[in-house]
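The values are calculated or read from the model by the stated rules, or taken from the named source; none is laboratory data. For clarity, every value in this text was computed on a predicted model and none was experimentally measured. FYI the Cβ positions are ideal-geometry reconstructions off the backbone, even for glycines, and counts take in every protein chain you see.
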Amino acid sequence: MKPRNIRRAAPLVWLGLFSIICMLLAETGSAQAQQIPGSQPPRMNLPGDIHYSAWRKLCLNLSDGTTVCRTTSSGTELSGELVLRLDLVERRDGVARLQLFVPQGGYLPAGVTVIIDQGAPTVFPYNWCLANACIAAGPASPKLIAEIESGHTLKIEQTNADASISGTSVPLSQFAGAHKGSPAATYDFDLNDLED
């Protein structure tokens, strides 16, 4: 199957590709500093005291005219260790995905629960795990996005392997401004480079 046909058949694959590219382009300095051999082992649950970065929107312009944007906030401990990241990844055509980068050690069948203010919980399944984090993700409906824009806090709950629940609340006061505003950075990516 030609790459062009793959693009049409699997738009969520490109959302995943964008996330990986953005992971590499953004915050690379802090990631390199945290992965020094001999450093602390990966965190196994959500800590209670997390400092969150301001919400930012990063966009990627693909050579086929598609634009994909990621509105993101990262959470770090007092030591500076990155322990959580929340991304809303959206294509211009309306396809959207919420991604949660959480510590390892969660009970995988339970997924990760998201609660906006006092609303109903939404469970996002784990998609994959990396060396120092796991990613839970799934489609984000227009209703969910509107709730995030108008919400005050987004609570994340992770069921740990020992059946305990750890949680944290991400402030949403800056989300709508970042989400609706101009991107903090825009990158260009040529899909034709993948064909070589």
Which number in (1) surrounded by fewer than 18 Cβ atoms within 10 Å (Cβ to Cβ); (2) on the phi > 0 side of the Ramachandran plot marks the one condition that Gly111 misses?
-> (1)
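Kindly indicate whether any position in region 113-126 is part of a loop (DSSP other than H, G, I, E, B) and modelled with pLDDT under 90.
First, the residues of region 113-126 that are part of a loop (DSSP other than H, G, I, E, B): 117-121, 125.
If we keep only those that are modelled with pLDDT under 90 as well, we get none.
Among the residues of region 113-126, not one is part of a loop (DSSP other than H, G, I, E, B) and modelled with pLDDT under 90, which makes the answer no.
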Which number in (1) in contact with a Lys or Arg (Cβ under 9 Å, 6 or more places away or on another chain); (2) assigned to a loop (DSSP other than H, G, I, E, B) marks the one condition that Ala137 misses?
-> (2)
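More than 21 Å from Leu46 (Cβ to Cβ) and either without any contact (Cβ under 8 Å) to a residue 12 or more places away in the chain or among the hydrophobic types (A, V, I, L, M, F, W, C) (or both): which single residue out of Ala184, Ala110, Ala137, Ala131 fits that description? Please lay out each step first, then the result.
Numbers: Ala110 fails: more than 21 Å from Leu46 (Cβ to Cβ); Ala137 fails: more than 21 Å from Leu46 (Cβ to Cβ); Ala131 fails: more than 21 Å from Leu46 (Cβ to Cβ).
Only one candidate passes the filter, namely Ala184.
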Which of the residues spanning region 127-158 are out of contact with any Leu (no Cβ under 8 Å at 6 or more places or on another chain), among the aliphatic types (A, V, I, L, M) and closer than 17 Å to Val83 by Cβ?
-> Leu130, Ala131, Ala133
Could you list, in sequence order, all residues of region 54-84 that are polar (S, T, N, Q) and either farther than 22 Å from Pro103 by Cβ or under 12 Å from the mean Cα position of the chain (by Cα) (or both)?
-> Asn61, Ser63, Thr66, Thr67, Thr71, Thr72, Ser73, Ser74
Search result, residues across region 150-190 that are surrounded by 15 or more Cβ atoms within 10 Å (Cβ to Cβ) and part of a helix (DSSP H, G or I) | Phe175, Ala176, Ala178, His179
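Provide a single number: the residues in region 96-107 that are under 12 Å from Val83 (Cα atoms) and either surrounded by fewer than 21 Cβ atoms within 10 Å (Cβ to Cβ) or touching a residue at least 40 places away in the same chain (Cβ under 8 Å) (or both).
Step one: list which residues in region 96-107 are under 12 Å from Val83 (Cα atoms), which gives 100-104.
Keeping just the survivors that are either surrounded by fewer than 21 Cβ atoms within 10 Å (Cβ to Cβ) or touching a residue at least 40 places away in the same chain (Cβ under 8 Å) (or both) gives 100, 102-104.
Residues meeting the conditions: 4.
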Is it fair to say Leu86 is buried (at least 21 other Cβ atoms within 10 Å of the Cβ) and hydrophobic (A, V, I, L, M, F, W, C)?
-> yes
